[in-house]
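The structure appears below as structure tokens.
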Amino acid sequence: MMRNRWRGFGIAVSRFLVVITVGVAACDPYQCGTEARSATYEGRLGQSIPPTVTLADNASGRVFLMLNEWRGSISQQNVIASVNIRGFVSTVSEIHVHEGRLGDSGRVLLKLANGYLVGDSAWKTGMELFAGPASWGDLWSLLNSGRGYFEVHSSSGDSVSAALGQASISDFAPSCT
Ligand SMILES: [Zn+2]
């Protein structure tokens, strides 16, 4: 009786191992092991209602924000931001995403200071690793539920805000590089 049980177990394990081996052999680990999702948001400086149509890249006061997340074999969260500042501020010290609606003075979810001016018309970041101050999960879910707004802070202390509307979002999907 005992002998039969052990034999049965042995067969089950062998079958399991065969399946695993085939799985590894058929897949590049990066292709199979990493998933990515992303979301983009748009706004217009000084406006408390987010745009309902896609803005031209050079639209006055346009704010663009992209969130990218990889999980699995590769784990990373990063952010890209761009804001057309001409007519609003002349310099940028930091950009923030705050929790809440315009005028709420909610806590800072995202802070980026590492960007560059494009002429006197725009300020852009590269692909910046997310570094808070809030958690990535809070930033992602609060923006996704319309509870985050953008603020650009100038070196002279001025600031201008913009409501953010979701322009696109994708759920986790296999990321093959
Ligand atoms: Zn702020």
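Are any of the residues in the range 165-175 within 16 Å of the ligand (Cβ to nearest atom), modelled with pLDDT of 95 or more and under 28 Å from Trp70 (Cα atoms)?
Checked the range 165-175: no residue is within 16 Å of the ligand (Cβ to nearest atom), modelled with pLDDT of 95 or more and under 28 Å from Trp70 (Cα atoms).
Go through (1) among the charged types (D, E, K, R); (2) away from the ligand (no atom under 16 Å from the Cβ); (3) surrounded by 18 or more Cβ atoms within 10 Å (Cβ to Cβ) one by one and return the number of the condition Asp57 breaks.
The one condition Asp57 does not meet is (3).
Would you tally the residues in the range 98-120 being surrounded by 14 or more Cβ atoms within 10 Å (Cβ to Cβ) and of a type in the set (Asp, Glu)?
Number satisfying all stated conditions: 1.
Do you know which residues across the range 110-133 are over 12 Å from the mean Cα position of the chain (by Cα) and outside any loop (DSSP other than H, G, I, E, B)?
Those that are over 12 Å from the mean Cα position of the chain (by Cα) and outside any loop (DSSP other than H, G, I, E, B): Lys111, Leu112, Gly115, Tyr116, Leu117, Val118, Ala122, Trp123, Lys124, Thr125, Pro133.
Among the candidates Ile80, Ile95, Ile85, which residue alone is more than 16 Å from the ligand (Cβ to nearest atom) and either within 15 Å of the chain's Cα centre (by Cα) or buried (at least 17 other Cβ atoms within 10 Å of the Cβ) (or both)?
Of Ile80, Ile95, Ile85, the one residue that is more than 16 Å from the ligand (Cβ to nearest atom) and either within 15 Å of the chain's Cα centre (by Cα) or buried (at least 17 other Cβ atoms within 10 Å of the Cβ) (or both) is Ile80.
What residue, among those in the range 32-47 that are hydroxyl-bearing (Ser, Thr, Tyr) and modelled with pLDDT of 95 or more, is surrounded by the most Cβ atoms within 10 Å (Cβ to Cβ)?
Tyr41
Taking the range 86-115 only, how many residues are polar (S, T, N, Q) and more than 26 Å from Asn58 (Cβ to Cβ)?
Adding up the residues that qualify gives 1.
Among the residues of the range 134-176, which ones are assigned to a loop (DSSP other than H, G, I, E, B) and in contact with a helix residue (DSSP H, G or I) (Cβ under 6 Å, 6 or more places away or on another chain)?
Cys176
The values are calculated or read from the model by the stated rules, or taken from the named source; none is laboratory data. Just so we're clear, the structure is a prediction, and the values are computed from it rather than from any experiment. Glycine gets a Cβ as well: all are built from the backbone with ideal geometry, and neighbour counts include every protein chain shown.
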